[in-house]
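The values are calculated or read from the model by the stated rules, or taken from the named source; none is laboratory data. Computed from a predicted structure; not experimentally measured. Cβ placement follows ideal geometry from the backbone for every residue including glycine, while neighbour counts extend to all protein chains displayed. The area values use the complete protein model at the heavy-atom level, side chains included, leaving out ligands, DNA and RNA. Shrake-Rupley method; radii C 1.70, N 1.55, O 1.52, S 1.80 Å.
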There are 2 protein chains.
Amino acid sequence: MEAFSFLLPSQVRESSSFFNIGTVVALCVFFALLCACIIIGHLLHGNRWANESITALLLGLCSGVVVLLVSKGQSSRILSFSENLFFLYLLPPIIFNAGFQVKKKQFFKNFTTILLFGVLGTVISFCVISLGVFLLFKKIGLTSLGIKDYLAVGAILSATDSVCTLQVLSQDETPFLYSIVFGEGVVNDATSIVLFNAVQSLDVSNISGLTALKLLGNFLYLFFTSTILGIAAGLLSAYIIKALYFGRHSTDREVALMMLMAYLSYMLAELMNLSGILTVFFCGIVMSHYTWHNVTESSRITTKHAFATISFIAETFIFLYVGMDALDVDKWKSSKASPATSVAVSATFLGLLLVGRAAFVFPIANISNLLKKRESSKIEFRQQFIIWWAGLMRGAVTIALSYSQFSNSTGTTSPDDALMCTSTMIVVLFSTIVFGSITKPLIKAVLLSRHKPNVSDATDLPSLEDLRLLFIENGAESSEQGSNQRKGSNLRLLMTHPHITVHYLWRKFDDKFMRPVFGGRGFVPFVPGSPTEAADESHENNVSDRAVDS
Amino acid sequence: MEAFSFLLPSQVRESSSFFNIGTVVALCVFFALLCACIIIGHLLHGNRWANESITALLLGLCSGVVVLLVSKGQSSRILSFSENLFFLYLLPPIIFNAGFQVKKKQFFKNFTTILLFGVLGTVISFCVISLGVFLLFKKIGLTSLGIKDYLAVGAILSATDSVCTLQVLSQDETPFLYSIVFGEGVVNDATSIVLFNAVQSLDVSNISGLTALKLLGNFLYLFFTSTILGIAAGLLSAYIIKALYFGRHSTDREVALMMLMAYLSYMLAELMNLSGILTVFFCGIVMSHYTWHNVTESSRITTKHAFATISFIAETFIFLYVGMDALDVDKWKSSKASPATSVAVSATFLGLLLVGRAAFVFPIANISNLLKKRESSKIEFRQQFIIWWAGLMRGAVTIALSYSQFSNSTGTTSPDDALMCTSTMIVVLFSTIVFGSITKPLIKAVLLSRHKPNVSDATDLPSLEDLRLLFIENGAESSEQGSNQRKGSNLRLLMTHPHITVHYLWRKFDDKFMRPVFGGRGFVPFVPGSPTEAADESHENNVSDRAVDS
């Protein structure tokens, strides 16, 4: 009856030996710290250096020190969290919410650039870091690591941490940078899986051109199946809610169904060995485009804020945990390296991180610029600089990967492996605290030094104007005549303005085939579900739309 | 590194031996079943026999059978849940939400009756069932159980299951019955703790009048400290949100803080060996009275629906789990009893449950009627009958207690102990499915057979009229003169109309001292926080108030 050994009914507490007081104490401390983070974060709001993640990280560090002192150097952790908790419960709501609240137009407009950064960029960074570690570690004096360890370090340090990006970049202030850096992080997940598996099953003696082709094939399979699963889950939820009209009975059922379906999509992707991050991200996008418009007004407000709140709590929780985990004494003890070696390894990691990211951001940005004709849609150098900088932070994902590679479950870790863990930890702390706190002022200084602050980032506006011109050029949409002629015109437009026309064609397809089936803005008949909606649905609708669906 | 043995980062999935595919499969199945429950529950809405808990229970039973067949009789469970999950994560949101959405006036008006049922009633039921088991089990042929086991069975079967009550009774249709039966369940928790601890530390040879007095003292201590802790947590959250004015920056922080503080109050109560259920219930009441009015309009809608949704998911989850757990093959195998003995024991339990509840509901209701002067506030016989009936269901709490008493963590269970577990399971299934499905039609048949359907249950209305008369009698409130004279008049009123005047005095105290500090309806200055509020705060406010604060 192992399942019941962890028993805690209030009725048998004092009398039962099953009661695990440690869990309750840990939960109390963690929830109290979370409350403290929220209050401090609120008070520091507007401070140009601090942000929520740094507050949580420092608070976690402080509590780690306190626990370390109280337990007399035995342990700095009060709750033995697993990566399980992180990947199964904390990460999905964060990524889902990011997809749910992302500015879809901005995201899809930059989709090619995002794919280039996420796929090619990750591969370049992986190669640079692996090669650098291979060359530099011998000079430091680390020799016990094998070729697979070097490649693993490359993969670990190249795994972009989407959670950090979310905290540092603001979608409202810098939508273009946000969509590039965050989008890269999402696509990066699929690339990482392929790379990591390739490293594990690598046969060093037998590398040919075919291997690269196979990897590309794997990536494409993973990318498309994950995306399609996410889209399917989103569409299914939209269809169920539209067809059964849940709002008639209860707004809670709608909200519950959205939450559960989103989570189910992540779990299914994990079950099918796909990229859960990609799946749940696209599920979020589809849900915000269709499902969200099919529910009652109360459900709309509730989902918007509830998802954001859950994601916010999960993020804070992660940083708090990382801060607390940084003082993992076992690791520090197992690593018999001198402080000098520790610093050298961490500095090497940080240096390679900077170089590895620079090695793909600037070249890819410039190649992407060459392919674009319009001056306004090109990525300026100052923007490139910020993309480079904002993607430098590493967080819980990196730690989880590092632990899984260099720490085995039996508890015995070799000194060099322990050194890898502690050095990764230092990289995470340093990058989050130092790079993280500099990012906000840096973006302000670099981007807003111009006189026209909006132009540099708001590449969205010109294209919208173009779109409006195209609509006029194309004539009235409603007339059914001359559709062949229009098709020819569409083809011509596709050649000259690819992005704009793809968006226009999608809109037409969406309005004609998708929305009538799956619902969406303006395609759900209004039936008053609750007093709140009956009052002024149309007004509320517009306000909320503006917030989520822009 | 046990903490990391349960690792599941998507990046290392295929290559890592840490990957526990069982957890992911279990989560997938559970979330899919939850979705199915919601959809089926929606389709069955309005069906007079079915309700959500029965649907979930039956669906859990069916999946248990499927798992049993697939695993060829090895196991019916796919997720080895612990009571830990139940008491730490599922129960708190349900009870908090019940406090948050309870009709406060109705609840406090019946507070004396609730206390009588919850304290005296639980003790009577405990005595009757224990005595009955003691007398009847020897006739069935069970002799291996000790005196403590008999007393434990009494406590287990007397522990009212608030979760079942919530599902079967409707607060809107039968507010009086709901407040009595649910309120009894909440107070019952504190009584159960005292009783259970008393049973465990019972020295059979040394029982005197002092023991009973000690128990009463324990109960009073537990009841008051738990309540005060909950109220303090609620007031603290109200004060923090009012003083720091969180809505200025983000609605998500407000919602997060409310969630975290509520959960923290439960954890603190558990840590201090108090009744977490009582604490979180009163925390919910205070939060809905003060905190809820201090947050932005979006936060109000979000909290109202998010708490209800989380509670709804948790409830469905519990019933699903109970259904699945019912086919715990290990228990059925360890219990070597013949089907006849199993049926006899379960029937004994059910019979004693009926008798034990009848033994306190009817006497206490009649005593309470004798103390009341007004005819309209007396509990009619048909209401007594429904109170008796609606409190018969047993659920997850009973199972958790039964497992903790009769199932030890080493996995070896004696046949008679296993029989107790399986019989409790049968009682839970039978009471939930049979009693549960009859309750709704029964209430309709018994209460609505009259011509005036509202009068029998809406005892609230006359007292409100009385209150209005008292206000007029009492003259203008705003004049500061004649306060002594009014005090005398208040005292006189307290004697003649205790309930109404307590409520009136509380209102005055609330308006004068509490609301200026902690906020509350009408005591928070309106400042537009987000576009949604700016539009028509006052209207929205009224609508939402009506929903939560009636």
What's the number of the only condition in (1) crowded, with 24+ Cβ neighbours inside 10 Å; (2) not in a helix (DSSP H, G or I) that residue A:254 fails to meet? (2)
It is to be established whether one or more residues within region B:18-27 are modelled with pLDDT of 80 or more, within 7 Å of chain A (Cβ to nearest Cβ) and under 28 Å from the mean Cα position of the chain (by Cα). yes
Touching a Leu at 6+ places or on another chain (Cβ under 7 Å), in a loop (DSSP other than H, G, I, E, B) and open to solvent by less than 50 Å² (accessible area, probe 1.4 Å): is that true of residue B:260 in this structure? no
Result of the Cβ filter at 6 Å on region B:141-168, keeping first residues that are open to solvent by 20 Å² or more (accessible area, probe 1.4 Å) and partners that are β-branched (Val, Ile, Thr), at least 6 apart or interchain, is B:151/B:199
Where a residue in region A:174-198 is within 14 Å of chain B (Cβ to nearest Cβ) and free of Cβ contacts under 8 Å to residues at least 24 places away in the same chain and its partner, wherever it lies, is open to solvent by 10 Å² or more (accessible area, probe 1.4 Å) and assigned to a helix (DSSP H, G or I), with Cβ under 6 Å and at least six apart: A:198/A:215
Is there a residue being out of contact with any Ser or Thr (no Cβ under 9 Å at 6 or more places or on another chain), open to solvent by 20 Å² or more (accessible area, probe 1.4 Å), aliphatic (A, V, I, L, M) and part of a helix (DSSP H, G or I) anywhere in region A:394-406? no
Among A:308, A:314, A:344, A:340, the single one that is open to solvent by 10 Å² or more (accessible area, probe 1.4 Å), within 30 Å of residue A:519 (Cβ to Cβ) and among the small types (Gly, Ala, Ser) is A:308
Residues satisfying the stated conditions in region A:33-60, i.e. in a loop (DSSP other than H, G, I, E, B) and facing chain B (nearest Cβ under 10 Å): A:45, A:46
Out of curiosity, is residue A:122 crowded, with 22+ Cβ neighbours inside 10 Å, under 24 Å from residue A:157 (Cα atoms) and within 14 Å of chain B (Cβ to nearest Cβ)? yes
I'm told residue A:376 meets every condition in (1) open to solvent by 40 Å² or more (accessible area, probe 1.4 Å); (2) small (Gly, Ala, Ser); (3) within 18 Å of residue A:422 (Cβ to Cβ) except one. Can you identify the failing condition by its number? (3)
Could you list, in sequence order, the residues of region B:250-290 that are more than 9 Å from every other protein chain (Cβ to nearest Cβ) and either within 14 Å of residue B:104 (Cβ to Cβ) or free of Cβ contacts under 8 Å to residues at least 24 places away in the same chain (or both)? B:281, B:282, B:283, B:284, B:285, B:286, B:287, B:288, B:289, B:290
Does region B:65-82 include one or more residues that are surrounded by 20 or more Cβ atoms within 10 Å (Cβ to Cβ) and assigned to a helix (DSSP H, G or I)? no
Considering only residues that are in a helix (DSSP H, G or I) and within 17 Å of residue B:41 (Cβ to Cβ), which ones fall in region A:229-251? A:237, A:240, A:241, A:243, A:244, A:246, A:247, A:248, A:251
Being surrounded by fewer than 23 Cβ atoms within 10 Å (Cβ to Cβ) and closer than 18 Å to residue A:176 by Cα narrows it down to one of A:385, A:435, so name that one. A:385
Might you check whether a residue that is among the hydroxyl-bearing types (Ser, Thr, Tyr), closer than 26 Å to residue A:164 by Cβ and assigned by the TED database to the domain that holds residue A:434 occurs anywhere in region A:240-262? no
From the residues in region B:484-524 that are open to solvent by less than 60 Å² (accessible area, probe 1.4 Å) and outside any helix (DSSP H, G or I), which one is modelled with the highest pLDDT? B:519
Failed criterion for residue B:41 (all others in (1) crowded, with 19+ Cβ neighbours inside 10 Å; (2) modelled with pLDDT under 85 hold): (2)
Of the candidates A:153, A:163, A:123, the one satisfying the condition of being within 27 Å of residue A:371 (Cα to Cα) and not in a loop (DSSP other than H, G, I, E, B) is A:123
Given (1) open to solvent by 10 Å² or more (accessible area, probe 1.4 Å); (2) of a type outside the set (A, V, I, L, M, F, W, C); (3) touching a Cys at 6+ places or on another chain (Cβ under 8 Å), number of the condition residue A:218 does not satisfy: (3)
Would you confirm whether or not region B:316-338 contains a residue that is under 30 Å from residue A:301 (Cα atoms) and of a type in the set (Phe, Trp, Tyr)? yes
Do the conditions hold for residue B:130, that is, is it open to solvent by less than 50 Å² (accessible area, probe 1.4 Å), more than 14 Å from chain A (Cβ to nearest Cβ), in a helix (DSSP H, G or I) and modelled with pLDDT under 85? no
Counting only residues that are charged (D, E, K, R) and surrounded by 18 or more Cβ atoms within 10 Å (Cβ to Cβ), how many does region B:347-373 have? 1
